[in-house]
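Engineer: Quick one: this structure, given as structure tokens, is what I'll be asking you about.
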Amino acid sequence: MIAKPGSFKKLAETAQTISTTRGNNAKIKLAASYFESLPLDTNLKLATRYLSEGAFSSVSSKKASVGHRTIATLAAKFCEIDYDLVFKPSRTATGSSSETIQRLFENIPEARAKWNDTQLNLQDVDAIFKQLYITSKRELKNQVLWDAWTNMTPLEVKYFIRILGQGSLRIGFETKSVENAIAKAFEQPLEAVRYARMISGSMEETALMAKRDQLNQATFEMFSPIAFMLASPIESRTVDNLSEYIAEEKFDGMRCQAHIENGKVRLYSRDLNEITGSFPEITTFFSERNLPATVLDGEICVFKDDTILPFQMLQKRMGVKKPSQKLLEEYPVLFISYDLLYSDGKPLFDDSLIVRRDKLEQLASEFSLPITSQMELSSEDDVEQLFQQALNHGNEGLMLKRKDSVYEYGQRKKSWLKVKKPSGSLDTVMLYAHAGSGKRGGTYSDFTLGVSVKEDDRYEEEFIPIGKAYGGYSDEELKKMNDLIKSITLERFGPTLLLKPHLVIELEFEDIQINKRTKAKYTLRFPRFKAIRWDLSPSDVDTLKYVERMYEEKISVERERQGKNPSFVIK
């Protein structure tokens, strides 16, 4: 049955076509054509939300609260298969629950007998998401899901699950591409679309304004988080004149945006999710100061005994919605501001960093706020000295910020540069290869790497995953790896290949983090290829016990207290 323009089936088919299309411009053209074809304004709003944010707007704080296991066990029941014996191995093979469910629904007769191509429209699906949001009991959520799946094709079910997860649709088409598609569909300047999206905090409202030629009416609203300005590694940029930059220490913490007005405080993480409940002492700190309407960009750090503690300590607070008194006492946190985005009733995005900083210092002096220390630069020696000072404090490195830069929301340009060095490296073995998308379509460019547990009594396997990496190699190296992969493939599971442990990769990473959801109980932060070790064999791969020792050594390193050259000050 041909999909109707305003149907959820049409959105799913469009997403799937985008996923298999090479080249970002071609993907944008497809999405733009789809947006143009939508018959109703409501269709446009929902379609742009689903393709960029999820079931609910990123600023709504709404979540359906349906767990992965709930979906997986219900899907097994829908297919009338054993969860442990059939579903879990199938999911391991594909590497994706939603992909697994689509294929099972397509191929198992018991499942095919249950679903129908009813062509729910986008509003019908929105009502289902809302029903899941207001439903608390698991058995009732299961019934809502079951009823929804009986009215969808397997492809629709796959994208329904991905949209429900409020994350990436994994089609190589993220927020920036959606903005490009909106601009192309309605013949609007891309920068106008991006600005409207940034200050309104809403992709769906931006799309509607673009369609109506009303982008100039976009206004900033408090408690709608703004896309963060991003930094580029200094090694990928040339700094012509260091005196045009100011230096700050790059904290070993969590980026955060604080919105404060009339005693109300909301905190947002880098992915624009609300994290207010995890840090009640920050909420209390700001609410007690009776600040005017203010938006601050800064960092949350664990700060104890006049020392910034490792990020691993902050992890113990992250995701805890109602931290216990014991947790608050053991890992007290501090919000350190380094930028001011809204004050005196107006956004400051277009003001220079110097102007924003001056206003931040005035605000900090009046209300006793912690703000970063800033240092002038004149030579490479200054950078090296300050970089070492930052490392002594236990911080990650330096930030160099151009004094005349505006706030380049959601972009990674030359205005902010980060000076860092890798935390360490590991020799790992390639375990899985995953097909790439976009310009890497047709090649295996995403890889799961593992460490050795051959002599570890806790495990029966020889190797277990420690992280995924998809960068750090050249096009020539990628081609050579793909040629080798053909000869070491053990099994193919859709876009994923199970490989014979053979190819050794030296992985570089920023940090080691505890992750109890993984078999290793650890994961690497920002891993990337340092070198392909054609000269090594799997017997040379580092062990999990070595990873554990690295972690313990990292968190036990003595850190300098904030002394005469502190990385932040309280005005």
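The values are calculated or read from the model by the stated rules, or taken from the named source; none is laboratory data. The model shown is predicted, which means the values in this text are computed figures rather than measured ones. All Cβ positions, glycine included, derive from the backbone under ideal geometry; neighbour counts span all protein chains shown.
Engineer: Does Val541 satisfy the condition of being among the β-branched types (Val, Ile, Thr) and not assigned by TED's automatic domain parsing to the domain that holds Thr428?
Structural biologist: Details: among the β-branched types (Val, Ile, Thr): yes; not assigned by TED's automatic domain parsing to the domain that holds Thr428: no.
No: the conditions fail for Val541.
Engineer: Now for a separate question. Name every residue in the stretch 91-108 that is buried (at least 20 other Cβ atoms within 10 Å of the Cβ) and in a helix (DSSP H, G or I), in order of residue number. Reasoning before the result, please.
Structural biologist: Taking the stretch 91-108 first, the residues buried (at least 20 other Cβ atoms within 10 Å of the Cβ) are 91, 96-102, 104-105.
Arg91, Ser97, Ser98, Glu99, Thr100, Ile101, Gln102, Leu104, Phe105 - these are the residues of the stretch 91-108 that are buried (at least 20 other Cβ atoms within 10 Å of the Cβ) and in a helix (DSSP H, G or I).
Engineer: Assuming Asp511 fulfils every condition listed in (1) within 14 Å of Val451 (Cα to Cα); (2) among the acidic types (Asp, Glu); (3) surrounded by 16 or more Cβ atoms within 10 Å (Cβ to Cβ) apart from one, which condition is it?
Structural biologist: (1)
Engineer: Is the stretch 323-338 home to any residue that is over 23 Å from the mean Cα position of the chain (by Cα), within 21 Å of Ala227 (Cβ to Cβ) and among the acidic types (Asp, Glu)?
Structural biologist: No, the stretch 323-338 has no match at all.
Engineer: Looking at Asp306 and the list (1) within 28 Å of Asn565 (Cα to Cα); (2) within 27 Å of the chain's Cα centre (by Cα), which single condition is not satisfied?
Structural biologist: (2)
Engineer: Of the conditions (1) closer than 19 Å to Lys421 by Cα; (2) within 30 Å of the chain's Cα centre (by Cα), Arg402 fails just one. Which one is it?
Structural biologist: Every listed condition holds for Arg402 apart from (1).
Engineer: Here is a further query. If you go through the stretch 84-94 one residue at a time, do you hit one that is at pLDDT 90 or above and touching a Lys or Arg at 6+ places or on another chain (Cβ under 8 Å)?
Structural biologist: No, because not a single residue in the stretch 84-94 is at pLDDT 90 or above and touching a Lys or Arg at 6+ places or on another chain (Cβ under 8 Å).
Engineer: Looking at Gly345, is it farther than 24 Å from Asp511 by Cβ and assigned by TED's automatic domain parsing to the domain that holds Ser243? First the steps, then the outcome.
Structural biologist: Details: farther than 24 Å from Asp511 by Cβ: yes; assigned by TED's automatic domain parsing to the domain that holds Ser243: yes.
Yes.
Engineer: I've got another one for you. If only one of Gln362, Gln389 is without any contact (Cβ under 8 Å) to a residue 40 or more places away in the chain, among the polar types (S, T, N, Q) and out of contact with any helix residue (DSSP H, G or I) (no Cβ under 9 Å at 6 or more places or on another chain), which one is it? Walk me through it before giving the result.
Structural biologist: On the way: Gln389 fails: without any contact (Cβ under 8 Å) to a residue 40 or more places away in the chain.
Only one candidate passes the filter, namely Gln362.
Engineer: Just give me the residues in the stretch 367-386 being touching a residue at least 12 places away in the same chain (Cβ under 8 Å) and in a helix (DSSP H, G or I), in sequence order.
Structural biologist: Within the stretch 367-386, the first condition is being touching a residue at least 12 places away in the same chain (Cβ under 8 Å), and the residues that meet it are 367-380, 382-383, 386.
Within the stretch 367-386, Phe367, Glu380, Asp382, Val383, Leu386 meet the criteria.
Engineer: Please go through the stretch 61-88 and give me each residue that is surrounded by 14 or more Cβ atoms within 10 Å (Cβ to Cβ), without any contact (Cβ under 8 Å) to a residue 40 or more places away in the chain and outside any helix (DSSP H, G or I), ordered by number.
Structural biologist: Selection gives Ile81 alone.
Engineer: Given the structure, is Ser202 crowded, with 23+ Cβ neighbours inside 10 Å, within 20 Å of Gly54 (Cβ to Cβ), hydroxyl-bearing (Ser, Thr, Tyr) and within 18 Å of the chain's Cα centre (by Cα)? Write out each step before concluding.
Structural biologist: Values: crowded, with 23+ Cβ neighbours inside 10 Å: yes; within 20 Å of Gly54 (Cβ to Cβ): yes; hydroxyl-bearing (Ser, Thr, Tyr): yes; within 18 Å of the chain's Cα centre (by Cα): yes.
Judged against the criteria, Ser202 is a match.
Results for (1) under 30 Å from Lys420 (Cβ atoms); (2) within 20 Å of the chain's Cα centre (by Cα); (3) free of Cβ contacts under 8 Å to residues at least 60 places away in the same chain, shown as yes or no for each residue.
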position: Phe447; (1), (2), (3): yes, yes, yes
position: Glu461; (1), (2), (3): no, no, yes
position: Lys468; (1), (2), (3): yes, yes, yes
position: Ser474; (1), (2), (3): yes, no, yes
position: Glu477; (1), (2), (3): yes, no, yes
position: Asp483; (1), (2), (3): no, no, yes
position: Ile488; (1), (2), (3): no, no, yes
position: Leu507; (1), (2), (3): yes, no, no
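Engineer: Could you please let me know if Ser177 is more than 30 Å from Ile260 (Cα to Cα) and over 23 Å from the mean Cα position of the chain (by Cα)?
Structural biologist: Working: more than 30 Å from Ile260 (Cα to Cα): yes; over 23 Å from the mean Cα position of the chain (by Cα): no.
Against the criterion (more than 30 Å from Ile260 (Cα to Cα) and over 23 Å from the mean Cα position of the chain (by Cα)), Ser177 does not qualify.
Engineer: Go through (1) at pLDDT below 90; (2) surrounded by 20 or more Cβ atoms within 10 Å (Cβ to Cβ); (3) touching a Leu at 6+ places or on another chain (Cβ under 6 Å) one by one and return the number of the condition Val383 breaks.
Structural biologist: (3)
Engineer: Just to be sure before I move on: is Ala26 of a type in the set (A, V, I, L, M, F, W, C) and under 30 Å from Leu267 (Cβ atoms) in the structure I sent? Explain how you work it out, then say what you get.
Structural biologist: Numbers: of a type in the set (A, V, I, L, M, F, W, C): yes; under 30 Å from Leu267 (Cβ atoms): no.
When the stated conditions are applied, Ala26 does not pass them.
Engineer: Right, another one. Test Ser177 against the criterion of being among the small types (Gly, Ala, Ser), buried (at least 22 other Cβ atoms within 10 Å of the Cβ) and not assigned by TED's automatic domain parsing to the domain that holds Leu44, and give yes or no.
Structural biologist: Details: among the small types (Gly, Ala, Ser): yes; buried (at least 22 other Cβ atoms within 10 Å of the Cβ): no; not assigned by TED's automatic domain parsing to the domain that holds Leu44: yes.
In short, no.
Engineer: Hey, can you tell me all the residues within the stretch 243-263 that are farther than 20 Å from Ser343 by Cβ and of a type outside the set (Gly, Ala, Ser)? Full working, then the answer.
Structural biologist: Filtering the stretch 243-263 down to residues farther than 20 Å from Ser343 by Cβ leaves 243-245, 247, 249-254.
Listed by number, the residues that qualify are Glu244, Tyr245, Glu249, Lys250, Phe251, Asp252, Met254.
Engineer: Further question on the same structure: Taking into account only those residues within the stretch 271-305 that are part of a loop (DSSP other than H, G, I, E, B) and loosely packed, with under 14 Cβ neighbours inside 10 Å, which is modelled with the lowest pLDDT? Walk me through it before giving the result.
Structural biologist: Narrowing the stretch 271-305 to residues part of a loop (DSSP other than H, G, I, E, B): 271-273, 275, 279, 288-293, 305.
Filter once more, so that each one left must be loosely packed, with under 14 Cβ neighbours inside 10 Å: 271, 288, 290, 305.
Working: Asp271: 77, Glu288: 94, Asn290: 90, Asp305: 89.
Selected residue: Asp271.
Engineer: Filtering the stretch 514-568 down to residues that are out of contact with any Ser or Thr (no Cβ under 8 Å at 6 or more places or on another chain) and among the aromatic types (Phe, Trp, Tyr), which residue is surrounded by the fewest Cβ atoms within 10 Å (Cβ to Cβ)?
Structural biologist: Trp534
Engineer: Within the stretch 398-499, which strands (runs of 3 or more DSSP E) (wholly inside it) include 3 or more residues that are closer than 30 Å to Asn180 by Cβ? Step through it out loud before you land on a result.
Structural biologist: Details: elements: 412-420, 424-435, 444-452, 463-469, 489-493, 496-499.
Correct list: 412-420, 424-435, 444-452.
Engineer: How do the strands (runs of 3 or more DSSP E) wholly within the stretch 515-571 filter down when requiring 1 or more residues that are in contact with a helix residue (DSSP H, G or I) (Cβ under 7 Å, 6 or more places away or on another chain), in contact (Cβ under 8 Å) with a residue 12 or more places away in the chain and closer than 20 Å to Lys500 by Cβ: which remain? Please lay out each step first, then the result.
Structural biologist: Values: elements: 522-525, 528-533, 568-570.
Qualifying strands (runs of 3 or more DSSP E): 528-533.
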